[in-house]
Amino acid sequence: MKGSNKEKKKETSAPPLCYDRKGNRLFAEDLVAMVEKEAEKRRMDRLPFELQWRLNTNFLSGNQHCDINVHRGTVENYEPLYEYMSREVFNRIAPIMETRLSHLKRVNYRVSVLPKSSEYEDRLKAELADSLITQRRNGAEYTSAFERILGLTELTGSAFIMSWWDAMKDFGRVGERERSQGQLPQMGDVAFTVLTPYEILPEDLYAEEVEEQPSLIVEQVKSVEELYDLYGVMLEGQSVDGCGYAALSGAGGLGYESGTLALCNVSKENALLLRTYMERPTAAYPEGRMIITAGGRLLHYGALPYDRYPICAVKSRRISGQFFGRSVIENLIPLQRSYNGIKNRINDYINRSTCGQLLIEEGSVDADDLTQSGLCPGAPIVYSRGATLPSLLETPALSDLACTQCEKLEKDMEYAAGVSGMLAGGSLPSAVSSAVAIEILQDLDTTRLSLYADNVRKGILTLCDIWLSIYKRYITVKRTLCMVGAHKRSAAISFLGEDLEYSELYFESENELQVREEEQRQKYLEVLKLGLFSDEKGALSSLTKAKAVRRLLGKGESIDYAESEIQLDNARNENAELEQGREVVLSSLDDHALHLAEHRLFALQDRFRKKEAAEGEGMKALLAHIEAHQRALAAQKKEHTEGEKTDGNAE
């Protein structure tokens, strides 16, 4: 009867939101319960990975006398075998990771877009996509996010970036002329945030790629104020458990105790867990599903609003058959433990040698007083009459094996991390003095580290591809984008999402850890010498020369930019104006030949072949402008010919 009453209540309160694969009706409370139950299950499945991430964080921060308790499912500090034993931390992981990060940041992560063909229209669309990516990557938001991405991949092995379309985000500022004409700001742009692996709950832990996951849950801790701003619903906050740093007594030695930072469980007050459930398209749900819940309430239910999961993974080291990546810290932890152990035993030896140990006859001295006071300089040692005189215990010399093992562990840690003395401190082996040998060592040093950089580059390519797919889906009204050139002049272009077509995304330069920048420049010089960039007469155009100087001397090099570059940018700006049906007046400074070629290429695009575009105001203005350039160019040629005749008659 209770079940019947519940079913009856559901029937009278609201219609079902959807049906499951068995045809059962699902209401809001059913979806919330499903998401919460699934999140709890996946969190337990992910626990072994999470414990390893916590252990990595502790070792990097300096809390290294800890380990995973597999029975309790926690990371716990362990006590020394004897109270007197030193348990200092000699953290070599931190400087090694700093070295890795510094070299990974040197790699060029600049993404370029390859057009579908060499046709002008396809090249223009590829340039447009390239400019959109550059606009998103040049902001301070991305720079800060990229720093965090590299840090997370090195710490936990994985970082995730979630992107979405923010309808309230300003796409770009409107100029004074557009504002005077009543044009409103262009609202709507791609937004993104960096997610830690603690916030990702995959359905299958052994499917390597995000696209292979049947479903994903993103679990974020949000304050009730943030939830109200996002969804307009005021919920009752709770105390939510999370991770944070706290000071613990994790190190010390003979007679003292020191604190270290450790990753501990902390609570955030007046907050809730925001869970976003995403399911890819299936036979039961052809458009996929997105379910958002918080505080036991359903905040959103609908189809997946994107063609794919709007999440990309950036991994430090890929493991076959595993969703999460692996951090190099996992390889360093056992070596760091051995290193700390040997160093502490050396400290114990020094303490024993310097403080001294007395051999005393039983009952000859007050042992408790001597233990408490120690061998205080100048203080008398009172012993019983007739007893054996107390004497110092002879300590054997420290074995060279301990120091040798420490040096070996230091090299082993550098090798395990993919760095060496050359990368870490610039030191060379004593037997190496040849320039060729040094160059070979440099190549060997960066070979393994370059594999990690390639994994990061792959993640950045996926991120840019997701951004372009979101732009293509949501830009349904014409937008104007300023494409800024190398000489800081902008060329405005109007576009729709459907104009974002390209063949593939690629990196414009090789991985610097595989092919050094000097080698890339040398190859470029060889291509220049072969004449592959020369025209029919074997000469380099001013535009090609300017590009070569920037390529060889750097983007920030102060050079005289070719006039042809400025002329082409002006022509492209005029194309955008003419497409809107606005009249553009010729300038006496125009290079009519360059302008005419650029305008004709723009007018020959396939989209202008359609009847509505061919007869539109934009095409009429463009054709009229082309005819004006043709007349001006013909007048220039006529004037030049007459001038040559006049000079000939004068001679």
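The values are calculated or read from the model by the stated rules, or taken from the named source; none is laboratory data. Remember, it's a predicted structure, so these values are computed and weren't measured experimentally. Positions of Cβ are generated from backbone atoms using ideal geometry, with glycine treated the same way; all protein chains shown enter the neighbour counts. Keep in mind that these areas ignore ligands, DNA and RNA; they rest on the heavy atoms of the full protein, side chains included. Shrake-Rupley method; radii C 1.70, N 1.55, O 1.52, S 1.80 Å.
For the reader, a short list of remarks on this structure follows.
- Under 5 Å, built H, 5+ apart or other chain: amide partners of Phe27: Leu17
- The residues packed around Lys472, meaning those with a beta-carbon under 13 Å from its beta-carbon, carry a net charge of -1 if Lys and Arg are +1 and Asp and Glu are -1.
- Lys478 versus Leu604: modelled label distance in nm, points set 7 Å from Cα along the beta carbon direction: 2.3 nm
- Simple spin-label estimate for Leu401 and Cys355 in nanometres, 7 Å along Cα-Cβ: 2.5 nm
- Backbone N atoms of the range 323-339 closer than 15 Å to the 7 Å Cα→Cβ label point of Val70 are not found in any residue.
- Length gained when the stretch Glu639-Tyr84 is fully extended (0.36 nm per residue, less Cα-Cα span): 189.8 nm
- Phe27 accessible area, 1.4 Å probe, all protein chains in place, Å² to nearest 10: 10 Å²
- Amide proton proximity set for Val75, modelled H, under 5 Å, gap of 5+: Asn69
- Positive minus negative residues near Ala593 (Lys, Arg vs Asp, Glu; Cβ under 12 Å): -1
- The listed residues Glu76, Glu29 rank as Glu29, Glu76 when sorted by accessible area, largest first, using a 1.4 Å probe.
- Extension gain for Ala367 to Lys22 (0.36 nm times residue separation, less C-alpha to C-alpha distance): 116.1 nm.
- Placed amide H near Cys66: partners under 5 Å, 5+ positions off or other chain: Tyr78
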